[in-house]
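Undergrad: Below is one structure. I have some questions about it.
Rule-based calculations on the coordinates, nothing more; no lab input. A quick note: this is a predicted structure, and the numbers were derived from the prediction, not measured. Ideal geometry is used to build each Cβ from the backbone, glycine not excepted, and the neighbour counts take in all protein chains shown.
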């Protein structure tokens with residue numbers, strides 16, 4: 001289980017600083033708050049890069065507020081609204097399961113069960129004992145045509161089933177790199193699972 005202590009201070013590092021400046025520069029004077037989500041994302045990624053757990057301690061939220069010239073509570077409002085921001089330490093791999101209607105109709109209950117079985121996590125919002133995984137329930141991930149979906153960190157894995165979930169998590173446990181994002185059922189983009197059925201070359205056309 002990931003039990004990192006709450007850091008007392010936070011500052012954007014030399015890698016993050018140019019990204020912060022670029023994000024703020026996109027908005028006119030007095031509208032810097034428009035960059036809040038980008039700065040929170042940069043901060044979370046920096047912490048993930050340096051500690052192995054991508055999350056936002058209060059020190060990071062306060063640093064974003066100071067940089068944007070905003071009251072800290074305005075930053076807290078944004079960070080607590082979006083599930084993309086983690087307010088406590090998470091595992092190296094965040095397993096984000098969509099359980100809304102399209103994924104549910106295509107078997108997301110099995111996906112949840114397989115994630116729990118393979119990772120050893122009992123409930124959403126918890127991390128595995130080895131600190132590798134955190135299981136999160138999320139709203140629609142927007143890839144309904146290839147449901148059910150599992151998002152691992154930034155990558156979408158589509159056309160999932162229990163066997164594919166267990167194989168994926170098993171590989172990550174073994175230290176293997178994440179596979180390329182996309183359908184793990186062999187589907188090309190959002191083509192029919194059974195293969196192309198229309199706009200086929202005419203027979204004998206030589207195409």
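Undergrad: For the chain, compute Rg over Rh where Rg is the Cα radius of gyration and Rh is the Kirkwood radius from the inverse mean 1/r over Cα pairs.
TA: Radius of gyration relative to Kirkwood radius: 1.07.
Undergrad: Under a crude label model (7 Å from the Cα following the beta-carbon direction), how far is residue 101 from residue 113 in nanometres?
TA: Simple spin-label model gives 2.4 nm for this pair.
Undergrad: Once you put a point 7 Å from the Cα of residue 17 and another 7 Å from the Cα of residue 202, both along the Cβ direction, what distance in nm separates them?
TA: 6.5
Undergrad: To continue, here is another question. Can you give the extra length, in nm with one decimal, that the chain gains between residue 33 and residue 139 once fully stretched, where that is 0.36 nm per residue apart less the Cα-Cα distance?
TA: So the chain would gain 35.6 nm between residue 33 and residue 139.
Undergrad: Once you sort the root eigenvalues of the Cα gyration tensor of segment 75-155 as a ≥ b ≥ c, which label holds: rounded (a/c under 1.5), prolate (a/b larger than b/c) or oblate (the other case)?
TA: oblate
Undergrad: Continuing with the same structure: Give the dimensionless ratio obtained when the Cα radius of gyration of segment 108-163 is divided by 2.2 N^0.38 Å.
TA: 1.10
Undergrad: Hey, what angle do you get for helix 16-25 against the long axis of the chain, alpha-carbon based, 0 to 90 degrees rounded to 10?
TA: 90
Undergrad: List residues of segment 39-59, by number, whose backbone nitrogen lies under 17 Å from a label position 7 Å along Cα→C-beta of residue 77.
TA: 40
Undergrad: Under a GNM of the chain (C-alpha, springs under 10 Å), which listed residue has the highest mean-square fluctuation: 29, 137, 66?
TA: Checking each option, the largest mean-square fluctuation is seen for 29.
Undergrad: Give me the percent of DSSP beta bridges within the chain that run antiparallel, rounded to the nearest 5.
TA: For the chain, the DSSP antiparallel bridge percentage is about 45.
Undergrad: What whole number of Å gives the distance from the Cα centroid of segment 43-95 to the Cα centroid of segment 138-207?
TA: 30
Undergrad: How much length would be gained if the chain were fully extended between residue 124 and residue 84, taking 0.36 nm per residue of separation minus their Cα-Cα distance, in nm to one decimal?
TA: Stretched fully, the residue 124-residue 84 segment lengthens by 12.9 nm.
Undergrad: For the chain, modelled as a GNM with alpha-carbon contacts under 10 angstrom, which of 171, 110, 161 fluctuates the most?
TA: The residue with the greatest mean-square fluctuation here is 171.
Undergrad: Here is a further query. Across 5 Å bins from 0, what is the distribution of all Cα-Cα pair distances for segment 63-107, in whole percents?
TA: Taking all Cα pairs of segment 63-107, the binned fractions are 5, 16, 17, 16, 15, 13, 8, 5, 4, 0 percent.
Undergrad: Okay, moving on. Could you tell me how many degrees, from 0 to 90 and to the nearest 10, lie between the Cα long axis of helix 72-81 and the main elongation axis, the longest principal axis, of the Cα atoms of the chain?
TA: Its long axis makes an angle of about 10 degrees.
Undergrad: Using alpha carbons only, what's the Rg to Rh ratio of segment 1-92 with Rh from Kirkwood?
TA: 0.95
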